[in-house]
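Below you'll find the structure, written out as structure tokens, and then a few comments.
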Amino acid sequence: MVIPTEPIGSIPRPTALLNALTEHGAGRISDAALAAAQTAAVADTIERLERLGCPVLVDGEQSKPSFATYPMGGQNRLDPSGVVIPFADGHTRQLPRLAAGPFRYAVHADTYLRQARRHTERPVKQAVIAPSALSLLYPAEPLTGYSRDTFIDDLTGGAETDIRRCLDAGAHMVQLDFTEARLALKLDPSGGLLDAFVALNNQVLERFSTAERARIGVHTCPGGDQDSTHSADVDYAELLPKLFELKVGAFYVQLASEPDPDRVLEVIARHLAPGVRVFVGVTDPIDPRVETPEEVRDRVLRAARHIPVEQLGTCDDCGFAPFADDTSTSRDTAFAKIAARVQGTALAAEALGGLTT
């Protein structure tokens, strides 16, 4: 029996890249110098993941400003005063808002994928932002000459192109980052906002064939930034049934940091459709302690008591640094946790009589 294991996405940037970002922001180095630092960071990330024996790689989002805002690079139709996302420790992140239409993707994620694939022959997955998150860019008051309906048409078209370009560029998997799913239930406990998010994402996913959707997954977590979360206090059981309505071939589900993982696994087992794989989180990026391979093994074996092994995979709970300036987790700690995930999944596969891929 095969137990696949995959990373989620972001990995803390090396010091040289963090310094380059600071210098570039201050206007002291050129765009080309920043790009060179990003390229070096991607190459180092790929090399280190290969050395750890990771069967599926990521670029660590070394060139993204954040997991959410990469499509907006260089746009002049944005105002910084958009939706504010509060975290449990008191810090906030703020999205921009659209000040005028039309909305267009300025950057597509296959740009990052193609750069990463130049450094490896191994499979590479690519994370993209879910259209539901970008829907938050449209302001509460309608924009003159640019209706919300027209915006949604432009957004869904752009999101489809973003995913399709990654598939065409050879992505092993395309992962929609849907961290706002759990947050939606905090903002609107009635579930109406979450229903709207799921419907919007499915509006895009329905444009792909069954074979294409087998290579598309969705990731959910309660947010992870500066060792804090925005919605961990929301009951997972309220989210998961709706999450599994998404028309994808894989789900990447934060689990290691859950206080009652068996309860969560029971909900997953009730709603997991045949032929769909669920990757359960077995390492917690927010916890500074590095898990042992044996701890990871035991988490996988617990999941296998609820989920058919042929539908089971493992992942990290979340990305380690979804915003470029998040230095709360060191780069070495992130790689140590990834090593534990890979080794622990192999131990679990051995215990279950299978092999990892």
Under a crude label model (7 Å from the Cα following the beta-carbon direction), how far is Ala33 from Leu352 in nanometres? 5.0
Can you list the residues, at least 5 places off or on another chain, whose amide H is less than 5 Å from the amide H of Val218, using H built in the peptide plane? Leu176, Ala250, Phe251, Tyr252
Report the one residue of Gly249, Ala269, Ser228 whose Cα lies farthest in the direction of the positive end of the charge dipole of the chain (charges on C-beta: Lys and Arg +1, Asp and Glu -1; origin at the Cα centre). Gly249
Diffing the stretch 144-151: the Karplus 3J(HN,Hα) column from phi (6.51, -1.76, 1.60, θ = phi - 60°), in whole Hz with x for Gly and Pro, holds 4, x, 8, 6, 4, 4, 5, 4
Under 8 Å for C-alpha pairs, at least 6 residues apart: give me the relative contact order for the stretch 4-68, rounded to a whole percent. 48
Alpha carbon centroid spacing (whole Å) that separates the stretch 159-226 from the stretch 273-305: 21
Expressed as a whole-number percentage, the relative contact order of the stretch 124-242 with C-alpha contacts under 8 angstrom and at least six residues apart is 32
Skipping prolines and chain starts, which residues have an amide H placed within reach, meaning under 5 Å, of the one on Ala127, given they are 5 or more residues away or on another chain? Gln175
Points 7 angstrom from Cα along the Cβ direction at Glu295 and Ala336: gap in nanometres? 1.1
Could you tell me which Cys residues in the chain have no other cysteine's Cβ under 4.7 Å from their own Cβ, answering none if every one has a partner? Cys54, Cys166, Cys315
How far, in nm, would the chain grow between Thr150 and Gln203 when pulled straight, counting 0.36 nm per residue and subtracting the alpha carbon separation? 17.6 nm
How much length is gained if the chain between Asn19 and Asp325 is pulled fully straight, taking 0.36 nm per residue apart and subtracting their Cα-Cα distance, in nm to one decimal? 109.1 nm
Of the stretch 1-23, those with amide N under 18 Å from the point 7 Å along the Cα→Cβ vector of Arg118 are 17
From the Cα gyration tensor of the stretch 221-357, with a ≥ b ≥ c the square roots of its eigenvalues, which class applies: rounded if a/c is under 1.5, or else prolate if a/b is larger than b/c, or else oblate? oblate
If amide H atoms are built 1.01 Å from N in the plane of the peptide, which residues on other chains or at least 5 residues away come under 5 Å of the amide H of Thr314? Thr5, Glu6, Val280
Scoring the chain by relative contact order with C-alpha pairs under 8 Å, at least six apart, yields a percentage of 23
Apply the Karplus curve 6.51 cos²θ - 1.76 cosθ + 1.60, θ = phi - 60°, to the phi angles in the stretch 263-279 and return the couplings in whole Hz, x for Gly and Pro. 4, 5, 5, 5, 5, 4, 4, 6, 10, 7, 7, x, x, 9, 9, 10, 9
Ranked by how many other beta carbons lie within 10 Å on average, peptides 86-95, 322-331 from highest: 322-331, 86-95
The chain: antiparallel bridges as % of DSSP beta bridges, rounded to 5, reads 25
Measure up Lys242/Lys337; Lys186/Lys247; Lys247/Lys337 against 26 Å on the Cα-Cα distance and list the ones that go over. Lys242/Lys337; Lys247/Lys337
Add +1 for every Lys or Arg and -1 for every Asp or Glu among the other residues with Cβ under 11 Å from the Cβ of Val290, and state the total. -2
Based on the alpha carbon coordinates of the stretch 90-146, what radius of gyration and maximum Cα-Cα distance (Dmax) apply, in Å? 16.2, 49
Looking at the square roots a ≥ b ≥ c of the eigenvalues of the Cα gyration tensor of the stretch 40-95, which shape do they give, rounded for a/c under 1.5, prolate if a/b is larger than b/c, or oblate? oblate
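Bear in mind these aren't lab numbers, they're just calculated from the coordinates by the rules spelled out. Keep in mind the model is a prediction, meaning the values are calculated, not measured. Cβ: placed from backbone, ideal geometry, glycine included. Neighbour counts: every protein chain shown.
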